[in-house]
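Below: the structure, in structure tokens.
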Amino acid sequence: MKILKRLDILVLKAFFGPFVLTVVVVTFIFLTQTILKYIDELVGKGLGFMNYAELIMYFSMNILPIALPLAILLSSLMTFGNLGEFNELTAIKSSGISLLRVMVPISIWVLGCTISLFYFNNYVVPWANLKAYSLLYDLRQKKPSLDLKPGVFYNGIPGYSIKIVQKFDNDTSIKGVIIYDHTQGRGNTDVIIADSGSMYLFNNKQYLALELFHGNSYSEFRSENGMSYIAPKEFMRNQFDKTKIIFNLASFDLNRTREELFTGSRQMMPVRELQHHIDSVTTEVVKMNGQTTSMLQPFYYYSTVRIGDSVNALKRKVDYAKLSKVVRLDILLDTVKSGKDVATRATNQARSIKTYIQGNLERDLRMRKEVNEFQVTKYQKYTQAVACIVLFLIGAPLGAIIKKGGLGVPVLICIIFFIFYYVFSLTGEKWTKEGVFHPYFAMWFGNAILFLVGLFFMRQAKNDSRILESDFYLIVWDKFIKIFKKK
């Protein structure tokens, strides 16, 4: 019993080191990929360290359900590969302990990870998505930080347009200042021109002070017809040696949007809310399809009764003309006119019916696609959790077969199988969204295939198979050559 406990501790110690390292590395890789998508919209806005740290934390929680199965695959490969490379696995088997018994402690840990990952995916990830994307939206809407560039009009401060000719290296002294004041809504009628100046922020960077030296301010007041540029009513000029202008920078602050506005997205919902939305939309689709016949009834009623009456009246007129044996021009014209009316009414009704049915079909397809997308999000919470078990069933026996540890062969094999897992997952999502297969089959398809592969490797590892060793194939090839020469 003590030997088994020591063996369990040995295996767990060999597993936890690569596991923690892999989780951190994989999370960092996927996190970098995510941040790079939005980095162009975040740089240059004067964001603080805490804004970036908060965003990274939320995105890390979102990435963890993808990183954890991959970490289990790689760490199990490395663990059993190391045990096989240093003949520790051979010694364990020679003492009468099977490979399945060696896998028990890690299997318990993986099972715990699977259950924990489902609840994490169901409750923590929607909350993290809500926080991450609401914060990301506010950061993207934030104005860029104050940056006056020489020779370019800066319009970031509401109501003002500022241009400077030169900015010195201390980022405080400036030269050649032109300020257009648009706060009164009178166009370019209020202008301040100064030879030089200095600027600085105060009150926790909430205000910008601009001290100007040796300049003039110009103001034009509109005439009664509102066209000051034609005949200004009054013109005023003030000369100054020094003046100070204070600008309020409240518009540069990060304003947070109410998070309730983002809760309607499927990425922010647990399984219970996703299923409720799916049931609601499905019920609405069934209800609308059931109302189609009653909505089309007025069109068919008008066609069968009203147009039928016109046809009967037309027949009576033709019969009257036959009985009288006289072809009257007015009856002939009336007959032609009645026939055209019947055809026109029938054409209009057919067009109305076609338009209504096409609109109904488009709405039905749109709602069914929405249902399928919610089905994808719902089943992902299960499939990503179960993937921990499936990839462990591949990694552990495969590591025992290849008998190679470290970061060489295990990483290569891990990448290959993760690509398969990723492709199967994307294929299942596409099948579900397009309605090719039932969501249950499409979303579980990848896990089922990899589970069968894992069972195959488990059987081979239990029987000490050498299918991944080059010597095995050389021996098979030599046997084939000998048989061929004999024949």
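Treating each Cα of the range 34-143 as one equal point scatterer and applying the Debye formula with no solvent, the log10 of I(q)/I(0) at q = 0.17, 0.20 Å⁻¹ comes out as -0.86, -1.03. Dimensions of the range 411-468 along the principal axes, based on C-alpha atoms and rounded to the nearest Å, stand at 43, 22, 11, largest first.
May I ask for the Rg/Rh ratio of the range 343-417, computed from Cα atoms with Rh as the Kirkwood radius, given to two decimals? With Rh from the inverse mean 1/r over Cα pairs, Rg/Rh is 1.53.
Exceedance of the 28 Å cut-off in Cα-Cα distance is limited, within the set LYS131/LYS163; LYS5/LYS381; LYS37/LYS167; LYS167/LYS244, to LYS131/LYS163; LYS5/LYS381; LYS37/LYS167. Backbone phi angles across the range 449-455, fed through the Karplus curve with coefficients 6.51, -1.76 and 1.60 (θ = phi - 60°), yield HN-Hα couplings of 5, 5, 5, 5, 4, x, 5 Hz in residue order; Gly and Pro are listed as x.
Each reported figure results from applying straightforward, stated rules to the coordinates on display, with no laboratory input. Keep in mind that this is a model prediction, so the values were computed, not measured.
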